[in-house]
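To start, the structure itself, in structure tokens.
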């Protein structure tokens with residue numbers, strides 16, 4: 001099955017700096033890569049996603065890049081703010097009969113220091 | 001429109017006891033999922049359903065059973081709870097299969113097995 005590795009597990013930045021979280025996946029047939037943000041004690045919420053036919057997608061201060069050849073994708077947050085502090089999860093969809101499911105990375109705890 | 005509602009929010013069980021977690025969605029979603037979240041492990045899929053009357057195993061199904069008798073409800077059962085099942089359980093739903101529609105998560109159920 002699909003395996004998703006996420007790095008780093010923790011990331012601390014100063015307010016206004018950029019943050020980058022990286023993920024790799026194992027199944028070359030995976031075609032959908034969402035990112036979820038989970039604030040402390042709350043539910044995961046989708047913040048951005050990218051499909052395999054697109055190399056980059058941007059939404060205000062958040063961007064995601066995808067390198068299909070290398071099987072990795074990254075989340076970029078610019079001009080970080082304290083409210084960006086949360087756990088971020090990357091995920092990848094399975095292929096074929098597994099395309100109903102998402103496999104998640106283990107998460108990155110991002111702390112933005114004021 | 002309440003979205004995805006999970007009950008109960010908290011529960012403490014003794015080893016060997018049984019219980020059922022209820023997930024209800026009012027968005028007319030076809031697909032429903034149960035995940036467990038453990039520290040440093042991300043979200044792992046327990047079971048999922050692609051429509052009323054269907055269920056399928058995910059990554060970590062052992063010790064759990066599920067039922068989808070009604071489209072809006074997805075029940076997760078623990079027949080004989082074990083301390084290893086101490087976790088936060090999240091239910092999610094989606095209108096159609098990934099990647100055509102995103103996952104919507106409930107607020108989670110924190111289960112402790114002593």
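A short reminder: the numbers here are calculations on the coordinates, not readings from a lab. Remember, predicted model here, so these are calculated numbers, not experimental data. For neighbour counting, all protein chains shown are included, and Cβ atoms are generated from backbone atoms with ideal geometry for every residue, glycine included.
General observations
- Extents of chain B, largest first, come to 39, 30, 26 Å (Cα atoms, principal axes, whole angstrom).
- Average beta-carbon neighbours from other chains, 10 Å sphere, peptide A:27-39: 2
- The mean sequence distance of close C-alpha pairs (under 8 Å, at least 6 residues apart), as a share of the length of chain A, puts its relative contact order at 37 percent.
- In terms of its C-alpha gyration tensor, the range B:31-80 has a prolate overall shape, because the principal axis ratio a/c (a ≥ b ≥ c, square roots of the eigenvalues) is not below 1.5 and a/b outweighs b/c.
- For the pair residue B:54 and residue A:17, a Förster radius of 45 Å applied to the C-beta separation gives a FRET efficiency near 0.45, rounded to the nearest 0.05.
- Relative exposure of B:95, B:64, judged by other C-beta atoms within 10 Å (fewest first): B:95, B:64
- Each principal axis of the Cα cloud of the range A:1-52 was evaluated for its coordinate range; sorted largest first, these ranges are 37, 21, 18 Å.
- Rg/Rh (Cα only; Kirkwood hydrodynamic radius) as it applies to the range B:1-68: 0.96
- Computed FRET value (nearest 0.05) for residue A:46 with residue B:86, which takes r as the C-beta separation and R₀ as 22 Å: 0.20
- Ranked list, fewest to most other Cβ atoms within 10 Å of each Cβ, for A:11, B:76: A:11, B:76
- FRET efficiency estimate (nearest 0.05) - Cβ-Cβ, residue A:72 to residue B:5, R0 25 angstrom: 0.10
- Average Cα contact separation per residue, chain B, under 8 Å, 6 or more apart, as relative contact order %: 36
- Peptides ranked, highest mean first, by Cβ atoms within 10 Å: ranges A:79-85, A:29-35: A:29-35, A:79-85
- Put simply, the Cα atoms of the protein assembly as shown extend 49, 39, 34 Å along their principal axes, the longest span coming first.
- Sequence of B:57, A:106 once ranked by neighbouring C-beta atoms within 10 Å, starting from the fewest: B:57, A:106
- Projecting label points 7 angstrom from Cα along Cα→Cβ for residue A:57 and residue B:15 puts them 4.6 nm apart.
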